[in-house]
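What follows is a single structure, written as structure tokens, with notes after it.
The values are calculated or read from the model by the stated rules, or taken from the named source; none is laboratory data. Only a predicted model underlies this, so the values are computations on that prediction, with no experimental measurement involved. We place every Cβ from the backbone using ideal geometry, glycine too, and count neighbours over all the protein chains shown.
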Amino acid sequence: MKRALPLLAFAALACTAVSAQTRTSMTAATDADYINTELSKGKGLSTRSSTAGSPFLFHNWTSGQLVSTVSGPRRALLKYDLAQNRLLVRKPNGDSVEVMMAQVKEFTLGDSARGERYTFRLYPDVKTEKPTLRSTLWDVRYDAGSTALLRQRTRTVYSYGNSPSLAGSTGSAWRDTYAYYIKRTDNTLVPVRLNTRSVLEALGKAQAPALQAYINQQRLKLDDEADVAKLLAYFDTL
């Protein structure tokens with residue numbers, strides 16, 4: 001079986017980059033259009049179902065940056081498959097190759113036309129009772145101080161329809177699911193829900209009065225990521 005391209009070899013081949021997460025299974029370098037077609041079929045879906053959307057964060061190739069365990073930041077054209085945690089890099093000849101995720105520390109990609117930019121980062125030193133979280137590539141929502149708001153993001157296929165018993169009446173689509181965590185100042189990773197009670201409990205009792213006063217003053221709504229990030233930025237100043 002062919003293996004995913006090691007990042008050192010890829011850096012020499014495509015003059016692009018390297019980046020990080022853990023996965024031991026390897027796949028052969030393959031054409032991006034073929035990958036799109038295969039992944040869009042979903043998992044275990046009937047062939048009569050048409051799956052709307054895409055497993056990729058962005059359907060088109062986007063300019064990004066990779067950081068690996070063996071190299072510094074490098075620019076590349078990227079696609080990220082949220083369903084199977086696969087990072088693809090486009091080579092100069094137009095083909096694509098899957099990066100070895102075990103070598104990926106961080107990558108950033110985005111769509112400038114849509115004003116969207118995402119950073120996925122490994123936090124291997126966090127304190128947690130779940131070791132798998134140390135090998136997770138987190139969607140970073142805030143990390144500009146001693147705390148961080150991290151989002152675990154996956155994309156799966158869900159089915160819908162008016163009458164599942166009738167042939168041709170069902171369909172399917174790709175849908176994102178999220179789980180949020182706060183990395184505290186002591187590097188402990190705490191699961192949270194986006195609401196005032198959960199966020200304040202995660203940050204501890206010591207600063208709760210000051211944080212509540214700031215929430216009231218700024219009229220923050222902690223069901224909103226941006227407002228949680230504002231609160232964490234304030235917490236980092238205390």
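Observations, loosely collected:
- The one condition in (1) aliphatic (A, V, I, L, M); (2) more than 27 Å from SER159 (Cβ to Cβ); (3) modelled with pLDDT of 50 or more that LEU13 fails to fulfil: (3)
- Within segment 84-104, the set of residues being in a loop (DSSP other than H, G, I, E, B) and either outside the structural domain of THR132 (by TED's automatic domain parsing) or crowded, with 18+ Cβ neighbours inside 10 Å (or both) comprises LYS91, MET100.
- Test: ILE215 is assigned by TED's automatic domain parsing to the domain that holds SER159 and either loosely packed, with under 12 Cβ neighbours inside 10 Å or out of contact with any Cys (no Cβ under 7 Å at 6 or more places or on another chain) (or both): no
- Breaking point among (1) outside the structural domain of LEU231 (by TED's automatic domain parsing); (2) surrounded by 15 or more Cβ atoms within 10 Å (Cβ to Cβ), for SER159: (2)
- Qualifying residue in segment 175-193 (condition: among the aliphatic types (A, V, I, L, M), farther than 20 Å from LEU137 by Cα and either over 24 Å from the mean Cα position of the chain (by Cα) or surrounded by 12 or more Cβ atoms within 10 Å (Cβ to Cβ) (or both)): no
- One residue stands out in segment 110-131 among those that are closer than 20 Å to VAL70 by Cα and in contact (Cβ under 8 Å) with a residue 12 or more places away in the chain: the one that is surrounded by the most Cβ atoms within 10 Å (Cβ to Cβ), namely PHE120.
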